[in-house]
Structures are given as C-alpha cells and as structure tokens.
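Working notes for the structure below.
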Amino acid sequence: MFVADCHCDTIGYAVDGKCGIINKYNAVEDPHLQIYAMYCEIPGMEKDECREMLELYINEYYRLIGENTSIVHCGDFGKIAEARSGGRSAAMLSVEGCGCIDSLEKLNSLYLRGVRFAGLTWNQNNIIGCGADATGTSEDTGLTSYGREFVLECERLGIIIDISHSSDRTVDDVLANTSGAVFASHSNFREVCGHRRNLRREHSDEINKRHGIIGLNLYYEFVKAGVSIDEYTMNMLLPHIEYAIAHGYERSIGFGFDIDGVSGLYPKDLSLERSIHTQYIDMFRQAGIGERLITDMSGASFLRFIGDCDCKRGVSGIRSNI
C-alpha cells in the first residue's frame, strides 16, 4: 500500500548522526511519500543561528537524498507520480517554525530551494504569529502584519501553509486571510484530547471544508488525556479516527506521525524494527476500519490534496526584488 506521512523530524536526527534519511521504521516497506520537516526554531536561539541551521538542514537533506537511490526529492505532484512509477519513494521539504524567514525575498529563495510547506510557528511566538503555547492567554494576538503578508505570499507561490503548532488566533487569522487549502501536518482533535496543540472543532471543520489534510500525531499527550507513557498503546489513536468519521473528515485525515520528533515516546506495543506505518495499518484492519478509509488515510487523500494544490497554484513568478 502507498503511504504518505505529513511530518517527520528525521533530518535533524540524521544531521546529529542518530539515523539515516531512510530507516527500518520509516519509508522502507512500500513506495512512500515523506514530508521532511526542518525544525529550526529552538527557543533561545538567535535568528541568525536558526537561519544557519536551516541552511545546514537543506544542504544535508539534498546530500542524504543524493546518496540514496531509493528516494527522490519532489517539488510537485508530477515528480511524485514519476517517482512512484519508477518504484522509488518521494520526499518533500518543509520548514517547522518560520521565525528566521524575515523577508518575502527569503521565502521566495526557499521556494526555489524546494521548500513546499511552511509551518508558521513552533510553540512560541515569532515574527509571523503566535505559537500554541499562547493559546488561551493574552499573548495570543494571532498573525502579525508581516505574518499576513507571509501567508499571502505562501499562497501565491504554492507553499502550503501548515498550522500545526500555531495558536488558536493565529489559525483564525490564517483562515481569514487565505482562501486555499490549509494543512495541519501533525495535529489531533481537541474534543478527543484537550491539549492546546490539537485542533479546535471549527478549525478542523474549515480544513475539511477546504479539502485540506490533518495528519494524525503519535505523541502520547496529544493522543489521550491523562495517559502515561507506560500505559500508552497504539489503539489509543482510534478515537481520533472515529471522531473524524463522525464529523465527515474521512478524506481529510492522514498520517502525521511525527517520527523522530516524539523523543522516542512511542506506544509500548510499537516496534521500531519494522515500518511504523505498516504496524498501524495492521492495527486499523484488526480494529475493523474499512479498507477504503485505510487506503485514503494511508496516502490516497494526501496525494489528492497535493494534486489539487498543484492545479490551483497561482505562481506569477518568483520575486527577485520585493
């Protein structure tokens, strides 16, 4: 089965020598599309340091991809289809936390470098907007004036806006200032698990209405309220899928498992000796989830999403003088 995963932190782990770009627990058993996120907004780090880290990650991503003949970088749907037809896996590139991208010219440059997803914030506030930690506080002021310009430029270029890690008011402002599909790469549902990193009902409704994608996250605190890591099991994700079915989101959910980003805090019944995705697909079947939904959730819905975004892309040229 074709698998697409909307978010992993494997690049950072690979740069630190902890893993490779492809590992036995990820992107190995079938043709695969993986969104590789570059987490470069570490609290306390200066903007120039974050920018240097982002440059390092881009360079290392292309080096690692170039060394592995089984996976190819893709910037659009056509390249993904070409990779699949050749039996190769596909990779796409995302920024997680855009605070160091302090001009639209830099954003344009990143598009030219192959970035196709922009996670606006990490948990803290930045020059674009407010992070998830501000949700429910007076610090949650939403998008900045530059942030509004930033999301409009993303939409113009065809960089898909990722609202995972954004505060509630930032998500409100993104939805008010854009008209296209919006993406939550690794977020669950707040009505199932009340963590501020999960999506409010009105936000998931709007993502679904716009034919966006919500990538379900494996981090235990976002899966089930009050569960300890010692109690955490794979089937605890099922209520989020049941919630999606109950609210008509069947074609708007996918995998955003945050592989290599959950600090090793995986379910106790999950093995890292084989594909995480295959193990979840097996569990879904055992739980009685229908094959159509499994196919959509595993990758078909995300492929439709990417294809639709490509068809609607309104790029009028990269701006060289902004």
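Overview of values
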read-out	value
Segment 205-216 - residue that is in contact (Cβ under 8 Å) with a residue 60 or more places away in the chain and part of a loop (DSSP other than H, G, I, E, B) and, of those, least open to solvent (accessible area, probe 1.4 Å)	GLY212
In segment 228-244, residue surrounded by the most Cβ atoms within 10 Å (Cβ to Cβ) [restricted to those that are free of Cβ contacts under 8 Å to residues at least 40 places away in the same chain and in a helix (DSSP H, G or I)]	MET236
Strands (runs of 3 or more DSSP E) within segment 23-140 that include 3 or more residues within 17 Å of the chain's Cα centre (by Cα) and crowded, with 20+ Cβ neighbours inside 10 Å	32-39, 89-96, 115-119
From SER252, SER298, SER316, residue being at pLDDT 95 or above, under 30 Å from PHE150 (Cα atoms) and polar (S, T, N, Q)	SER252
Check on HIS195, at pLDDT 95 or above and at positive phi	no
Some residue of segment 37-60 being touching a His at 6+ places or on another chain (Cβ under 8 Å) and at pLDDT below 95	no
Candidate set: segment 217-227, residues that are within 19 Å of GLN124 (Cα to Cα) and not in a loop (DSSP other than H, G, I, E, B); chosen: the one least open to solvent (accessible area, probe 1.4 Å)	PHE222
Residues (within 29 Å of ASP30 (Cα to Cα) and among the basic types (Lys, Arg)) located in segment 53-107	ARG63, LYS79, ARG84, ARG88
Qualifying positions in segment 150-181 - outside any strand (DSSP E or B), closer than 27 Å to PRO239 by Cα and modelled with pLDDT of 95 or more	ILE163, SER164, HIS165, SER167, ASP168, ARG169, THR170, VAL171, ASP172, LEU175
Filter pass, PHE302 being in contact (Cβ under 8 Å) with a residue 60 or more places away in the chain and not in a loop (DSSP other than H, G, I, E, B)	yes
Total residues in segment 279-297, condition assigned to a helix (DSSP H, G or I) and either closer than 17 Å to THR233 by Cβ or in contact with a His (Cβ under 7 Å, 6 or more places away or on another chain) (or both)	8
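Residue-wise test of (1) surrounded by fewer than 22 Cβ atoms within 10 Å (Cβ to Cβ); (2) over 15 Å from the mean Cα position of the chain (by Cα); (3) without any contact (Cβ under 8 Å) to a residue 12 or more places away in the chain.
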residue: GLY147; (1), (2), (3): no, yes, no
residue: GLU153; (1), (2), (3): yes, yes, no
residue: ILE161; (1), (2), (3): no, no, no
residue: VAL174; (1), (2), (3): no, yes, no
residue: THR178; (1), (2), (3): yes, yes, no
residue: HIS186; (1), (2), (3): no, no, no
residue: ARG190; (1), (2), (3): yes, yes, yes
residue: ARG200; (1), (2), (3): yes, yes, no
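The values are calculated or read from the model by the stated rules, or taken from the named source; none is laboratory data. As the structure is a computational prediction, the values presented were derived from the model and not from experiment. Here Cβ is always computed from backbone atoms with ideal geometry, including for glycine, and neighbour counts include all displayed protein chains. Keep in mind that these areas ignore ligands, DNA and RNA; they rest on the heavy atoms of the full protein, side chains included. Shrake-Rupley method; radii C 1.70, N 1.55, O 1.52, S 1.80 Å.
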